[in-house]
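See structure below.
The values are calculated or read from the model by the stated rules, or taken from the named source; none is laboratory data. Just so it is clear, the structure is predicted and the values come from calculations on it, not from any experiment. Every residue, glycine among them, receives a Cβ derived from its backbone with ideal geometry; neighbour counts consider all protein chains shown. These accessible areas exclude ligands, DNA and RNA; they are computed on the full protein's heavy atoms, side chains included. Shrake-Rupley method; radii C 1.70, N 1.55, O 1.52, S 1.80 Å.
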Amino acid sequence: MTSQPDRKALTRAAFAAAAVLTVVTVAGAAPGAGAAPASPAGTPKLKLIAASKAVTLDRWEGEPGVYLDLGTYVTVDGAPLELNVTRRSYKDPVVARQILRNGTHTTSRTLPAGLVKDFSGLPGFLEVSVKNAAGQEVTRSKGTFCPNNASGRLRPDAPATSHYPESCSTNPFTLGSVWGVEKGWAANSSTVDYDKPVDLPVGEYTAKVSVAKKYRDLFGIPDDHPTIKVTVRQTGDGGSGGGTSGGGTTGGGTAGQRAASPSAPSALSDPHAQHSQHSMGAGHAGHHFGPRGADAPTPGALSHALDARGLAHHLGDGLGHTDGSRVAPALRADGRRPTGRAGVPANVPKPDLRSLPAWDIAVTDGEDGDVPGKDYLAFSANVWNAGPAPLVVDGFRKPGADLMDAYQYFYDAHGKQVGYAPTGTMEWDPRIGHEHWHFTDFASYRLLSADRTRQVRSGKEAFCLANTDAIDYTVRNANWHPYNTDLSTACGQQNSISVREVLDVGSGDTYTQYRPGQSFDISDLPNGTYYIEVKANPAHRLQETDLKNNVSLRKVVLGGTPGARTVQVPPYDLVDAP
């Protein structure tokens, strides 16, 4: 994709009555990556534990508080914990179903309506009370539990690896997720909100943690209240250390991108990997990037989790936690460019590229080279692959050439390559924050008139493909453990001779249009209604199963005066994500 700024929820009155669950029979295995291990009991046993009796939290100089990384876990035994979370369309609410397996017999029960409203996890799951040395409660909070948070085995006879996805999606237009914890594993449940640190002065505290009653009743969780001694210490504004000590963990928030793979323990090893959501700097206060913005962070525009003061230790995937910003290993292109006649069998599986409506929409004054004093309409855009086959594109470079020749590959049901087709070029982008190979003609953006008949602004960029967002992991052949989740691993170096870029089934690639030439210059546009059009595969260079679902539109209403333009973004059906 192109270059951009950075890479990469319930009130329940009368809940007891609502907790009567619908049980239905499910035919076959769960969608996605296959069935969970069978269990004679079929019903998981959940328990809240604390890994350590004491943790030390660093209060970084200049930061408004600390992050409650308390090292609590939800253990699962007896059977896997598995939840399928879906919505039929953006006009329908999110529905969560627990999958129960008893040998070869599989059933599901539907969780109470309204319990789960998005795909970031179970809201209000964890309750935390913190008291000072005098026994006075100084803060009380609730936290969302993503079962896909970093987890680990409780004992050596548990499954060696987890087949469940490694993050919970925070993309507002996600359609389907699978959450799970293997039998004999534990998932981190620390209440960390990277945008809402807790204002605890340096000192000694006691934290008491519990699972909310509605979830204890729903899943049969014991009413345990682990207590953790908390030491808050002052820390300078540099260094890469920090986090917790004394046996505590570091992190555990939700994930909009990807979680760590065993071969890539942390996103901190490469600045391109730091693509978590964050607030912009001066001039853009309070605005949030999407999960994939620029190809590298924009200096001076990062929040506490990423900024140059050394606070990036709050971000990434490490021992005991994940925020989803995984640096997964890259895939390698074939050793040589394809030979023989290009061709694609008629019945070969192909990808199905679809665009999501734009979100994260805001008026900015431009950045990194845009014209000062002008007004720009910036937004996030995502193109995802509904399958049933991955999009695989290899680029091959002739010695000394500035372009690579790009080819799309096709595979049969057994993974054997059965065809290929030329599909344009890849180009090296030398701009700061990019510096890798971009595939051309992957998507385009237009700002349309109120009647959608006239194009008033357009944008078209080259892109480096990466699996930044889990959009629907319930579609057929969805890959719950994609590679190429990060620009730093997916897009090659200046001296690369070949590159492989992949958009896996179920995943999408989000770009936030904040770089020069990407956002729309609206300085001279009249106030009124417009539509942001996101179009996948605009030149039809890529072969896919359906070209009729490549376009999405998002309504925006421009107002204000030059230098102080405003934008209103009406909800998109039930999705209120401006």
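Do you know which residues across the range 544-564 are loosely packed, with under 14 Cβ neighbours inside 10 Å and of a type in the set (A, V, I, L, M)? Even if it seems obvious, please write down each step before you answer.
Taking the range 544-564 first, the residues loosely packed, with under 14 Cβ neighbours inside 10 Å are 546, 548, 559-564.
Ala564, the sole residue that qualifies.
On the given criteria, is Val475 modelled with pLDDT of 95 or more and in a loop (DSSP other than H, G, I, E, B)?
Working: modelled with pLDDT of 95 or more: yes; in a loop (DSSP other than H, G, I, E, B): yes.
The answer is yes for Val475.
Just to be sure before I move on: is Asn495 at pLDDT 90 or above and either assigned to a loop (DSSP other than H, G, I, E, B) or in contact with a helix residue (DSSP H, G or I) (Cβ under 8 Å, 6 or more places away or on another chain) (or both) in the structure I sent? Criteria not met by Asn495.
The criterion of at least 3 residues that are in contact with a Gly (Cβ under 7 Å, 6 or more places away or on another chain) is met, among strands (runs of 3 or more DSSP E) falling completely within the range 387-431, by 403-411.
So if I check each of Ala113, Ala96, which one is small (Gly, Ala, Ser) and open to solvent by 30 Å² or more (accessible area, probe 1.4 Å)?
On inspection, the qualifying residue turns out to be Ala113.
Within the range 405-429, being of a type in the set (A, V, I, L, M, F, W, C) and either in contact with a helix residue (DSSP H, G or I) (Cβ under 7 Å, 6 or more places away or on another chain) or modelled with pLDDT under 90 (or both) holds for Ala413, Met426, Trp428.
Against the conditions (1) in a strand (DSSP E or B); (2) more than 30 Å from Gly387 (Cβ to Cβ), Ser177 satisfies every one except (2). Among the residues making up the range 22-49, those that are open to solvent by 50 Å² or more (accessible area, probe 1.4 Å), farther than 17 Å from Ala150 by Cβ and at pLDDT 50 or above are Ala41, Thr43, Lys45, Lys47.
Can you confirm whether Gly152 is of a type outside the set (Lys, Arg), in contact with a Pro (Cβ under 8 Å, 6 or more places away or on another chain) and surrounded by fewer than 21 Cβ atoms within 10 Å (Cβ to Cβ)?
Details: of a type outside the set (Lys, Arg): yes; in contact with a Pro (Cβ under 8 Å, 6 or more places away or on another chain): no; surrounded by fewer than 21 Cβ atoms within 10 Å (Cβ to Cβ): yes.
No: the conditions fail for Gly152.
Here Thr174 fulfils each of the conditions (1) surrounded by 17 or more Cβ atoms within 10 Å (Cβ to Cβ); (2) under 23 Å from Thr468 (Cβ atoms); (3) modelled with pLDDT under 95 apart from (3).
Tell me, please, whether a residue that is at pLDDT 50 or above, out of contact with any Leu (no Cβ under 6 Å at 6 or more places or on another chain) and in a loop (DSSP other than H, G, I, E, B) can be found in the range 302-313.
Step one: list which residues in the range 302-313 are at pLDDT 50 or above, which gives none.
Checking the range 302-313: not a single residue is at pLDDT 50 or above, out of contact with any Leu (no Cβ under 6 Å at 6 or more places or on another chain) and in a loop (DSSP other than H, G, I, E, B).
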